[in-house]
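S.K.: Here you go, one structure.
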């Protein structure tokens, strides 16, 4: 098995591509070793004290490291752990994060806007963000403001504000004139 790696716009995050499907749908994000207890692969990766975050997408894993170590020294052990896990035939377990939607009571007009936002996110924005090893999730829509959670390589990325404002906000405003702005929400 050959596992490719790709740099992401976030210098602390590297994308690992094992060439196989890891999750049939959704994503999983782990921001601490404690949070990773329910996932064997993420838990193995967090055994290294320099791992600060693990994000698992459909066919990739992004790992965020501490700034105390360089990728050249960390990458070989992470590749080995991913290889060993996948070679053993184990599957990625645990709940997919795509089900943790915040329930809001929207009026009919706002509900229509929320549905349009989610359609644009799924069809146009999420595939582009996944290319960089991240994900983006709808949190809520309130008085013309769309709140989104940036995950994986996107969380903490130096260029995420530019992507959010110049890319995502402009696209959503173009298709949905009722949108005033787009804001990032950091969730734990």
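Computed from the coordinates by the stated procedures, all read-outs in this text should not be read as laboratory data. It should be emphasised that the depicted structure is a prediction, and the values quoted were computed from it without experimental measurement. Virtual Cβ from ideal backbone geometry, glycine too; neighbours counted across all protein chains shown.
S.K.: Just for region 101-184, what percent of DSSP beta bridges are antiparallel, to the closest 5?
M.R.: The antiparallel proportion sits near 65 percent.
S.K.: So what is the 222 nm mean residue ellipticity for the chain from helices alone, if each DSSP H run of at least 4 adds -39500 (n - 2.57) and you divide by all residues, rounding to the nearest 500 deg cm²/dmol?
M.R.: Here the helix-only value at 222 nm equals -7500 deg cm²/dmol.
S.K.: Looking only at region 129-147, which residues have a backbone nitrogen under 13 Å from a spot 7 Å from the Cα of residue 161 in the C-beta direction?
M.R.: Hits in region 129-147 for residue 161 at 13 Å: none.
S.K.: Most fluctuating residue of 107, 50, 170 in a GNM of the chain with Cα springs under 10 Å: which is it?
M.R.: Among 107, 50, 170, the largest mean-square fluctuation in the Gaussian network model of the chain belongs to 107.
S.K.: Looking at the square roots a ≥ b ≥ c of the eigenvalues of the Cα gyration tensor of the chain, which shape do they give, rounded for a/c under 1.5, prolate if a/b is larger than b/c, or oblate?
M.R.: prolate
S.K.: For a test of the definition: using alpha carbon positions, the gyration tensor, and the 1.5 limit on a/c, classify region 4-77 as rounded, prolate or oblate.
M.R.: Oblate, since a/c reaches 1.5 and b/c is not below a/b.
S.K.: Would you order 132, 110 from fewest to most other beta-carbon atoms within 10 Å of each residue's own beta-carbon?
M.R.: 110, 132
S.K.: Residue 181 to residue 1: extension gain in nm, 0.36 nm per residue of separation minus the Cα-Cα distance?
M.R.: Values: separation 180, 0.36 × 180 = 64.80 nm, distance 4.43 nm.
Extra length available between residue 181 and residue 1 comes to 60.4 nm.
S.K.: Next question, about the same structure. If you average the C-alpha positions of region 1-39 and of region 58-85 separately, how far apart do those two centres end up, in angstrom?
M.R.: Region 1-39 and region 58-85 have Cα centres separated by 9 Å.
S.K.: For the chain, what is the relative contact order in percent, using Cα pairs closer than 8 Å and at least 6 residues apart in sequence?
M.R.: Computed over the chain, the figure is 21 percent.
S.K.: Assuming R0 = 45 Å, can you tell me the calculated FRET efficiency for the pair residue 123 and residue 77, based on Cβ-Cβ distance, to the nearest 0.05? Intermediate results must be reported in sequence, preceding the final value.
M.R.: On the way: r = 37 Å, r/R0 = 0.83.
According to the calculation, E is roughly 0.75.
S.K.: Shape call for region 107-158 from the C-alpha gyration tensor, a ≥ b ≥ c root eigenvalues: rounded (a/c under 1.5), prolate (a/b greater than b/c) or oblate?
M.R.: Cα axes put region 107-158 in the oblate bin.
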